[in-house]
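Contents: one structure, followed by commentary.
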Amino acid sequence: MVSDEHTHERAVARWTRSTIYPDMWIDPDDDPRETEVDVDAVDELGTLRENLRYYRLTLEMKCAGLDAEQMALRSVPPSTMSLLGQVRHMAEEERRFRRVMAGEDAPKLYRTDEDRDGDWNGAVADPVVVDDAWRQWRVEVERTDRYLAGVDDLTTRNAGFSDLGPEPGGRLQLRDVLVAQIAEYARHCGHADLLRELIDGRVGQ
């Protein structure tokens, strides 16, 4: 159980930058998730890519304005989860996407056989580590998007070894891998809501 003293130290007032809806992160007219929507994303692939864009932006927004110590703040013992860990984790997931789908030689960034949670465990309060995490994440996002720009068929099969699905190495469709990627972002954006509120009290979807 967390002590009363520790709880008091972490107690912060809830707040939002939104001036219209108190349960929103920011006003709709200032939200890039709402104002930069691809209106031509009308087919299934376009819809999935739009959802991926939305959750990527949400992760970025939940980390906005935080320093290295805040980014590395973990939730509750014994969890190793932090916002910085999430950025590192999703860089690994973006990298896995192209390793599986494009068959590219893309070794893991942070995880090793000895430390399968290296993306989380190595998320320490160091500005260099934070900068590296964002740089790696943006590189991997760009490479995923480059791959997606070159395909128009959601039944496209993976060219690389797959560690997803019921059969290791088995064949998957792009649809399966893309939905799994969106689900991974959505799951961690829910964690990010709680982490950000713990850090400084800011709330919003």
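Return yes when Pro28 is more than 24 Å from Arg146 (Cβ to Cβ), modelled with pLDDT under 95, more than 17 Å from the chain's Cα centre (by Cα) and open to solvent by 70 Å² or more (accessible area, probe 1.4 Å) and no when it is not. Judged against the criteria, Pro28 is not a match.
In this structure, is Asp145 among the acidic types (Asp, Glu), more than 30 Å from Ser75 (Cα to Cα) and out of contact with any Leu (no Cβ under 8 Å at 6 or more places or on another chain)? Explain how you work it out, then say what you get.
On the way: among the acidic types (Asp, Glu): yes; more than 30 Å from Ser75 (Cα to Cα): yes; out of contact with any Leu (no Cβ under 8 Å at 6 or more places or on another chain): yes.
Yes.
Only residues that are over 25 Å from Asp119 (Cβ atoms) and surrounded by 13 or more Cβ atoms within 10 Å (Cβ to Cβ) were counted across the range 158-204, and they come to 5.
Condition first: open to solvent by less than 60 Å² (accessible area, probe 1.4 Å) and in a helix (DSSP H, G or I). Now tell me which residues in the range 56-75 satisfy that. Outline the logic, then answer.
Looking only at the range 56-75, we keep the residues that are open to solvent by less than 60 Å² (accessible area, probe 1.4 Å), and these are 56-64, 66, 68, 70-73, 75.
Passing the criteria: Arg56, Leu57, Thr58, Leu59, Glu60, Met61, Lys62, Cys63, Ala68, Gln70, Met71.
Taking the numbered list (1) open to solvent by 10 Å² or more (accessible area, probe 1.4 Å); (2) out of contact with any Leu (no Cβ under 9 Å at 6 or more places or on another chain); (3) under 26 Å from Val203 (Cβ atoms); (4) not in a loop (DSSP other than H, G, I, E, B) in turn, Pro78 passes all entries but (4). So, Val151, is that one over 21 Å from Val87 (Cβ atoms), surrounded by fewer than 16 Cβ atoms within 10 Å (Cβ to Cβ) and of a type in the set (A, V, I, L, M) or not? The answer is yes for Val151.
Residue pairs whose Cβ atoms lie under 9 Å apart, separated by 6 or more positions or on different chains, with the first residue in the range 115-137 and without any contact (Cβ under 8 Å) to a residue 12 or more places away in the chain and the second of a type in the set (D, E, K, R) and buried (at least 16 other Cβ atoms within 10 Å of the Cβ), are Gly118/Arg88; Gly118/Glu92; Gly118/Arg111; Asp132/Arg88.
The values are calculated or read from the model by the stated rules, or taken from the named source; none is laboratory data. Because the structure is predicted, anything quoted here is derived from the model rather than measured. Ideal geometry is used to build each Cβ from the backbone, glycine not excepted, and the neighbour counts take in all protein chains shown. What goes into the accessible areas is simple: the full protein's heavy atoms, side chains included, and nothing from ligands, DNA or RNA. Shrake-Rupley method; radii C 1.70, N 1.55, O 1.52, S 1.80 Å.
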